[in-house]
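I have placed the structure first, in the form of structure tokens, so that the comments after it can refer back to it.
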Amino acid sequence: MLFDAAPAYGLDPELDAVEAELYRLDPTGHRFATVLRDTLDQLYDGQHTGRWNFSQLHKTEKTHMGTLVEINLHREFSFADGDATDYRIAGVEIDCKYSMTHGGWTLPPEVIGHLALVVTSDDTKASWRAGIVRVETEWLNLGRNRDAKATLSKAGRDRIRWLWPDHGRLAPNLFLELDVETRNRIFNARAKRGDRHGQARTNELFRSVRSRIIRRAELATVAQQDDFMKRARSTGGARTNLQPEGILVLGHQDYDPMVAAALGLPIPTKGEFVSARVISVERDSTGPIAAIEGSFWAVARDGDVVSKAPMLPRGRRREISNTRIL
């Protein structure tokens, strides 16, 4: 792909202004990437359907993705409404076009002469791209569909000014990364008694997937219940159910992030969890150690004896030592 064919700075002041405003609103691209990740999860609706893969969607749902991206970006960044286009950014009319494939953006006649924010993502590769291009007839493919929409020619695609080139990564989709055996074990888990199968699936999720961030949407997809967040916590949730197996389930509240850091685990943010099997160790042991109410703990290795995990204090100030990496 020819990146140097995009208009040089100063040749299209409106394009320059829109780019500058987007970088002001989102210097790293993190907000933009989060919108795309959340939109995919919204479309899967795992809490109610158990789906986690774009291929599981109906055709009509797939075509709705573009509309959701346009709406969710509008909400996230509070863009002004355009007249002929979706948005007005930095006072400039600009249309938003999303496609699952690079170059698949369909552009209606009313966008010709205006800017377009072209967006694509691929959940299987955990990747995304966004760029700005001036839509001109000379940069469009001659073949048009029955709605008189056109696509960018190769020369037109080469004129896209790509944004956030150093980002490009979506938060990964856990279920696409898991091997089939592990994924089936999680989704097929059943309660030994009663109908608490959502809790059984949640327990298996944290038992089988350790030392990795579990996102809110992933937990919802497994639990498939209205109170899915409760399935991860104490008082009957995974946090207490897995304690006898030596497994800690850490969230973003109380001392959990500090303990995660001390153990060398990914640190959960709001709505996220991480689990790990831990083992009691001596204070002078090497490696990441967390001191929890007078005892010292480390992430267990394969073959380490299973012992009951500690229960972290909740809702009150207690002293827990910070990270210690030796």
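The values are calculated or read from the model by the stated rules, or taken from the named source; none is laboratory data. Every value quoted in this text rests on a predicted model; they were computed, and no experiment measured them. Glycine also receives a Cβ, built like all others from the backbone with ideal geometry; neighbour counts cover every protein chain displayed. Please note that ligands, DNA and RNA were not included when accessible areas were found on the heavy atoms of the full protein model with its side chains. Shrake-Rupley method; radii C 1.70, N 1.55, O 1.52, S 1.80 Å.
With a probe of 1.4 Å, find how much accessible area the chain has per residue, and write the answer as a whole number in Å². Each step should come with its number before you reach the end.
Details: 16160 Å² over 326 residues.
The answer is 50 Å² per residue.
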Heavy-atom accessible area of GLU136 with all protein chains present, probe 1.4 Å, nearest 10 Å²? 60 Å²
Candidate cut points under trypsin sites (Lys or Arg not before Pro) in region 1-69, DSSP loop plus at most 12 other Cβ atoms within 10 Å of their own Cβ, are none
Could you sort ILE292, ILE71 by their accessible area in this structure, using a 1.4 Å probe and putting the largest first? ILE71, ILE292
Quick query: amide H of ILE214 versus all other amide H atoms, modeled in the peptide plane; which residues come in under 5 Å with a sequence gap of 5 or more or a different chain? PHE273, VAL274
Tilt of helix 13-25 relative to the longest C-alpha principal axis of the chain, in degrees (0 to 90, nearest 10)? 10 degrees
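Based on DSSP H runs of at least 4 residues, each adding -39500 (n - 2.57), what is the mean residue ellipticity at 222 nm of the chain after dividing by all its residues, to the nearest 500 deg cm²/dmol? Numbers along the way, then the final one.
Values: 11 runs with 99 residues, N = 326.
So the calculated ellipticity at 222 nm is -8500 deg cm²/dmol.
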Calc'd 3J(HN,Hα), region 169-174, phi into Karplus 6.51 cos²θ - 1.76 cosθ + 1.60 (θ = phi - 60°), Hz, glycine/Pro = x, comes to 10, 7, 4, x, 8, 3
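Please report the carbon-and-sulfur percent of the accessible area for the chain; probe 1.4 Å, protein heavy atoms only, DNA, RNA and ligands left out.
Details: 8020 of 16160 Å².
Taking all protein chains in place, the chain shows 50 percent carbon and sulfur surface.
Once you have a ≥ b ≥ c as the square roots of the Cα gyration tensor eigenvalues for region 186-232, tell me rounded if a/c is under 1.5, and otherwise prolate or oblate according to whether a/b is larger than b/c. Intermediate values should be presented prior to the final figure.
Numbers: a/c = 2.23, a/b = 1.33, b/c = 1.68.
Cα axes put region 186-232 in the oblate bin.
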Check: in the chain the Lys pairs 8 or more apart or on separate chains whose Cα atoms fall under 17 Å apart number 4
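Take the Cα radius of gyration of region 127-267 and divide it by 2.2 N^0.38 Å, with N its residue count; two decimals is plenty. Working shown, then result.
Values: Rg = 22.7 Å, N = 141, 2.2 N^0.38 = 14.4 Å.
Against the empirical 2.2 N^0.38 Å value, I get 1.57 for region 127-267.
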In sequence order, what are the phi-derived ³J(HN,Hα) couplings for region 163-168 according to the Karplus relation 6.51 cos²θ - 1.76 cosθ + 1.60 with θ = phi - 60°, rounded to whole Hz, with x for glycine and proline? 9, 6, x, 8, 9, x
Where does helix 59-77 land angle-wise versus the long Cα axis of the chain, in degrees 0 to 90, nearest 10? 90 degrees
Kirkwood radius from Cα pairs of region 109-202 plugged into Stokes-Einstein at 20 °C, 1.002 mPa s, gives D in µm²/s equal to 125 µm²/s
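Restricting things to alpha carbons, find the Rg to Rh ratio for region 209-267 using the Kirkwood radius for Rh.
Working: Rg = 11.5 Å, Rh = 12.1 Å.
When Rh is taken as the Kirkwood radius, the ratio is 0.95.
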